[in-house]
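Heads up, the thing below is written out as structure tokens.
The values are calculated or read from the model by the stated rules, or taken from the named source; none is laboratory data. These numbers come from a predicted model, not from an experiment. Reconstructed Cβ throughout: ideal geometry from the backbone, glycine too, with neighbour counts over all protein chains shown. Ligands, DNA and RNA are stripped out before the accessible areas are found, and what is left, the full protein with its side chains, is counted by its heavy atoms. Shrake-Rupley method; radii C 1.70, N 1.55, O 1.52, S 1.80 Å.
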Amino acid sequence: QVQLVESGGGLVQPGGSLRLSCAASGRALRRYATGWFRQAPGKEREFVAVISSSGETTYYTDSVKGRFTISRDNAQNTVYLQMNSLKPEDTAVYSCAASSIMSVNNYAYDYWGQGTQVTVSS
């Protein structure tokens, strides 16, 4: 079992930055690929980014490429999502999730955090 807790969300102006953290307890997060997903009001959950268990491989959805960076610190059992040049359309609840495989599909993930709200507005 892995328990995941997200933090770092908040209200930011367009063009601003936030860094989300996904802290794990229980089993070591280094065993798992870890993804970030987001869900805006009235929309389905969508894939944002994923990082391999080693941290050597990352993958992003097209809309965040060049703006968001996923990273991990396995010694701290934490995965991060650095979000720069934020846009109003990035507003959503962001959740991290752990899986035994790298995937863009949410059904591949076994463990989920409860999410953190990110609001981009002037």
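Within 10 Å, at most 14 other Cβ atoms, and a DSSP state outside H, G, I, E, B define an exposed site. Report the longest part of the chain free of exposed trypsin sites (Lys or Arg not before Pro).
66-122
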Original post:
Which whole-number percentage describes the relative contact order of the chain, with Cα contacts under 8 Å and a sequence gap of 6 or more?
Top reply: 37
Original post:
³J(HN,Hα) across segment 30-42 via Karplus (A = 6.51, B = -1.76, C = 1.60, θ = phi - 60°), whole Hz, x for Gly/Pro?
Top reply: 5, 6, 10, 5, 10, x, 10, 10, 9, 9, 8, x, x
Original post:
Roughly how much of V104 is accessible, in Å² to the nearest 10, using a 1.4 Å probe?
Top reply: 70
**OP:** Report the label-to-label distance for E46 and N84 in nanometres (one decimal), using points 7 Å from each Cα along the Cα→Cβ vector.
**Re:** 2.2
**OP:** Please turn the phi angles of segment 9-23 into ³J(HN,Hα) values with the Karplus equation 6.51 cos²θ - 1.76 cosθ + 1.60 (θ = phi - 60°), one per residue in order, whole Hz, x for glycine and proline.
**Re:** x, x, 9, 9, 7, x, x, x, 10, 9, 10, 8, 10, 10, 9
**OP:** Whenever you get a sec, compute what percent of the accessible area on segment 9-87 sits on carbon and sulfur atoms (1.4 Å probe).
**Re:** 41
**OP:** For the chain, state what percent of all Cα-Cα pairs lands in each successive 5 Å bin, counting from 0 Å until the bin that includes the largest distance.
**Re:** 2, 13, 24, 27, 20, 10, 4, 1, 0
Original post:
From the phi of every residue in segment 86-97, what ³J(HN,Hα) in whole Hz does the Karplus formula 6.51 cos²θ - 1.76 cosθ + 1.60 yield, where θ is phi - 60° and glycine or proline is x?
Top reply: 5, 10, x, 6, 7, 4, 4, 8, 9, 10, 9, 8
Subject >> FRET E, pair S71, Y107, Förster distance 25 Å, beta-carbon r, rounded to 0.05 >> reply: 0.50
Subject >> Accessible area (Å², per residue) of segment 43-83, counting only protein heavy atoms and a probe of 1.4 Å >> reply: 53
Subject >> Whole-Å distance, taken between Cα centres, linking segment 75-122 and segment 5-68 >> reply: 3
Original post:
Sequence-distant or interchain residues sharing an amide H contact under 5 Å with R72, placed H: which?
Top reply: Y80
